[in-house]
Amino acid sequence: MNWKKYLTLSVILSSVCLGADAQSLLPQPRYVEMSKGSYDLSAPYQQINESGVQLPIALAAVFDGRLASSASGTASQRVVFRKLQGEVSSSEAYRLQVYKDSVVVYAPAEIGFLRAAQTLTQLRVAHKLPCCTIEDAPAFAWRGAMLDVSRHFFPLSYLKRQIDALASYKLNRLHLHLTDAAGWRMEIKRYPRLTNFAAWRTDSLWKSWCQNGCRYVTQGTPGAYGGYYTQQELRELVRYAAERGITIVPEIEMPAHSEEVLAAYPELSCTHEPYKQADFCPGNIAVYDFLENVLTEVMEVFPSEYIHVGGDEAARASWATCPLCRRLMDELGTEKTEDLQTYLIRHMGKFLQSHGRRLVGWDEIIADSLAPGSTVMVWRDKELAREAISRGYEVVLSPGKFCYLDGYQDAPPSQPEAMGAYLPLERVYSYAPLQGLTPEECRLVKGVQGNLWAEYIPSEQHAEHMLYPRILAIAEMGWNGAVQKNYADFRQRAMHETDRLRAKGIRAFDLRREIGNRSDYFRPARHKALGASVKYLLPYNNHYCGAGDATLTDGLRGGWDFGDGRWQGFIRGKRFDVVVDLGCAQKISRVHCNIMQTCGPEIFFPARFVVSVSDDGENFRVVHEEASPVVRTSSPEIKKWGWSGRERARYIRLQAEPGEFGGWIFVDEVEVY
Ligand code: ACM
Ligand code: ZN
């Protein structure tokens, strides 16, 4: 392992004099004790390696290479490397003792010395290391970041820059989402159409490409957008990452999210027609040959023990009527198309296992009969983690609600268009991966991961803006478990790190300019309907139920996240129709509610909004009616809908109906004044 170049570079970059001490490390080590004084990195030192591990040259970079010859006897300082003895929980564990005249580094293996070097690099301020003792080891073996290079293609230099940054926070897995409808990104020598056709498309922006029919074009076509990595480039990337303590986990999607493959090789779909299906035909033996051949080349390039096979969101629409799929279902004695997915994933798991590898897939792969050693990456509900664990599989936790970094990280009007909901740094940090799991269940939690899907991320600058600092929260919880949460302290450290990243040219989001949630979220409303009972003439959806029947009159207004528990979602019938009972007739001058529009998840403003009043709850008189077409917006918006005037009433009815796009209506509070 040649770390010298890397460490020299990172030391130069970090010596931009952004003050740090052991308390400001990120991730925070398990145990830190500060003492007085500092070690002078500019003075010559004598190096003593008693560890039995060959890395003094690499670590020497941290010490500025001012290595004195041990024979010369001129150095008054010493740097000592020793084997970490006793019960060691991880090969990444290390201990550091920094004194005024010496530094002693303990680790059980090369990778532990690398983690120590990463800490020393953060600790260093100008030419000094503060005196301290640090004992450290990771909470989780898998601390991952996923980069989507299919939806938009990013050059190798971008990936290397992210590897440098991610490694400095001790993340150790880079999951590359290499294939999806938007483009195939890895050279596969046996199937050239994957890269001379399925890697290129008509439009550069994913959204425009979708609006224009999702078509692929031959490489070299004027205006074609896309790209792919050659196997040689990927081997180079694997080596580059390994030198920094990161394993690259490649993902090849199957059986779904495969429109691009099926456009290039339509015979692998059920109907053999391009642009018709997203799913491979699991009844066709040729599909297994194709996937095995692809995975064989993938394994030749990527030494990772884990190979990701996707497995998510198969529509299975063509399988029920396809003769080959039906024949396989008969052979399997099943009427359920999901059993075909299980069959395919199990087959691929056994194939990978026969090559000494392990399959990892999104949580749709959960089934009793996965190949031994298969690992489930949970992106939906925590219950799915429990289900996978109960069947004996390891899990990597990456739930969308906390770990999907494609959501808005600040007030949406201040941010570029994003795919997901509002997910500020604080919310990512609040994730407690082991909460609610028994100690036995916790043993099968392999780790955590943050995912950067790139549908709405066309540029490197934008990707870095989305990734940092939120991925630091994943690094923190992945390394130290973040069992005791202290967001104020974490935010301070994250701010310091974003300064460092920006000094290195990484275009991290500037936390100092964070606007945060909408102000109404923090200001309870005091109004005449507070605590009033609400009759739902149409029900709210159980997934978006807010705080149940009390939601609309509890005084709490929703924030930018429609899943924050303060919003209620309506999808049935004419959508929103409620009657608020004020308890007795009284004067009213204003009634309104907030309604959210966020078009990605099909939440729209209403096309018609009506307010009526009544004294008896039976006979209502319309006092306000408005109708206007729904207009799509690229950013989420929250607007007040209501009436003002002079009335006396006990019952107030509010109705909101959808427009041409249908979808959901989301309401947080009915305010009456
Ligand atoms: C996923 O977000 N479909 C894994
Ligand atoms: Zn089929």
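The values are calculated or read from the model by the stated rules, or taken from the named source; none is laboratory data. Owing to the predicted nature of the structure, the values given are computational and were not obtained by experimental measurement. Note: ideal-geometry Cβ built from the backbone for every residue, glycine included; neighbour counts use all protein chains shown.
Of all residues in region 530-570, which are outside any helix (DSSP H, G or I) and of a type in the set (D, E, K, R)?
Residues satisfying the conditions are K535, D554, R557, D561, D564, R566.
Take the residues in region 171-200 that are under 25 Å from R161 (Cα atoms) and of a type in the set (F, W, Y), then tell me which one is surrounded by the fewest Cβ atoms within 10 Å (Cβ to Cβ).
Across region 171-200, the extreme among qualifying residues is W200.
State whether one or more residues within region 241-248 are outside any strand (DSSP E or B) and farther than 27 Å from E110 by Cα.
No, region 241-248 has no match at all.
Out of the residues in region 387-437 meeting the condition of being aromatic (F, W, Y) and within 14 Å of the chain's Cα centre (by Cα), tell me which one is nearest to ligand 2 (Cβ to nearest atom).
For region 387-437, the residue satisfying everything is Y404.
Among the residues of region 253-271, what is the count of those that are farther than 14 Å from Y216 by Cβ and more than 14 Å from ligand 2 (Cβ to nearest atom)?
Selection size over region 253-271: 2.
Looking at P274, P282, which one is surrounded by 15 or more Cβ atoms within 10 Å (Cβ to Cβ) and either more than 16 Å from ligand 2 (Cβ to nearest atom) or in contact (Cβ under 8 Å) with a residue 40 or more places away in the chain (or both)?
P282 is the lone residue from the list that is surrounded by 15 or more Cβ atoms within 10 Å (Cβ to Cβ) and either more than 16 Å from ligand 2 (Cβ to nearest atom) or in contact (Cβ under 8 Å) with a residue 40 or more places away in the chain (or both).
So which residues in region 94-117 are surrounded by fewer than 22 Cβ atoms within 10 Å (Cβ to Cβ) and within 22 Å of Y39 (Cβ to Cβ)?
R95, Q97, Y99, K100, D101, S102, V104
Away from ligand 1 (no atom under 16 Å from the Cβ), part of a helix (DSSP H, G or I), touching a Gly at 6+ places or on another chain (Cβ under 7 Å) and over 30 Å from L434 (Cα atoms): is that true of L344 in this structure?
no
Output the residues belonging to region 308-339 that are aliphatic (A, V, I, L, M) and either within 16 Å of ligand 1 (Cβ to nearest atom) or on the phi > 0 side of the Ramachandran plot (or both).
V309, A314, A315
Looking at (1) farther than 30 Å from Y229 by Cα; (2) more than 13 Å from ligand 2 (Cβ to nearest atom); (3) surrounded by 13 or more Cβ atoms within 10 Å (Cβ to Cβ); (4) not small (G, A, S), which one does T337 not meet, given that it meets all the others?
Here T337 meets the rest and fails (2).
Could you tell me whether any residue of region 348-366 is farther than 30 Å from G213 by Cβ and within 16 Å of ligand 2 (Cβ to nearest atom)?
No, that holds for no residue.
Can you spot a residue in region 306-319 that is in a helix (DSSP H, G or I) and at pLDDT 95 or above?
Within region 306-319 (the criterion being in a helix (DSSP H, G or I) and at pLDDT 95 or above), the answer is no, since none of the residues qualifies.
Give G227, G223 a once-over and let me know the one that is among the small types (G, A, S) and exposed (fewer than 15 other Cβ atoms within 10 Å of the Cβ).
G223
Being farther than 28 Å from M377 by Cα and of a type in the set (D, E) is the filter here; which residues of region 203-253 pass it?
Scanning region 203-253 gives a single hit, D203.
Could you please give the count of residues in region 648-673 that are surrounded by 19 or more Cβ atoms within 10 Å (Cβ to Cβ) and among the charged types (D, E, K, R)?
Number of matching residues: 4.
Any residue at all in region 221-238 that's out of contact with any Asp or Glu (no Cβ under 6 Å at 6 or more places or on another chain), at pLDDT 95 or above and under 21 Å from G447 (Cβ atoms)?
yes
Within region 607-624, does at least one residue satisfy the condition of being basic (K, R), buried (at least 19 other Cβ atoms within 10 Å of the Cβ) and within 43 Å of the chain's Cα centre (by Cα)?
no
For region 129-167, which residues satisfy the criterion of being among the acidic types (D, E) and over 18 Å from the mean Cα position of the chain (by Cα)?
E135, D136, D164
Looking only at region 346-366, how many residues end up being polar (S, T, N, Q) and closer than 17 Å to S398 by Cβ?
The total comes to 0.
Check whether at least one residue in region 608-628 is among the aromatic types (F, W, Y) and more than 26 Å from G400 (Cα to Cα), and report yes or no.
yes
Find the residue count for region 322-334, including only residues that are assigned to a helix (DSSP H, G or I), exposed (fewer than 13 other Cβ atoms within 10 Å of the Cβ) and more than 10 Å from ligand 2 (Cβ to nearest atom).
The total comes to 2.
Is one or more of the residues making up region 347-361 within 16 Å of ligand 1 (Cβ to nearest atom), exposed (fewer than 15 other Cβ atoms within 10 Å of the Cβ), under 26 Å from the mean Cα position of the chain (by Cα) and not in a helix (DSSP H, G or I)?
No: zero hits.
Looking only at residues that are acidic (D, E) and either part of a loop (DSSP other than H, G, I, E, B) or touching a His at 6+ places or on another chain (Cβ under 6 Å) (or both) in region 252-284, which one is farthest from ligand 1 (Cβ to nearest atom)?
E273
Of all residues in region 292-321 being buried (at least 22 other Cβ atoms within 10 Å of the Cβ) and within 16 Å of ligand 2 (Cβ to nearest atom), which is nearest to I345 (Cα to Cα)?
The residue in question is A314.
May I ask you to list pairs of residues, at least six apart or on different chains, whose Cβ atoms are under 6 Å apart, with the first in region 245-268 being more than 30 Å from F113 (Cβ to Cβ) and the second being of a type in the set (S, T, Y) and within 16 Å of ligand 2 (Cβ to nearest atom)?
Note: pairs meeting the criteria are L262/S269.
Give me the residue from region 370-400 that is within 12 Å of ligand 1 (Cβ to nearest atom) and in a helix (DSSP H, G or I) and, out of that set, farthest from H347 (Cα to Cα).
If we take residues in region 370-400 being within 12 Å of ligand 1 (Cβ to nearest atom) and in a helix (DSSP H, G or I), then G400 is farthest from H347 (Cα to Cα).
Would you please name the residue that is surrounded by the most Cβ atoms within 10 Å (Cβ to Cβ), looking only at residues in region 201-220 that are outside any strand (DSSP E or B) and among the charged types (D, E, K, R)?
Only one residue fits best here, namely D203.
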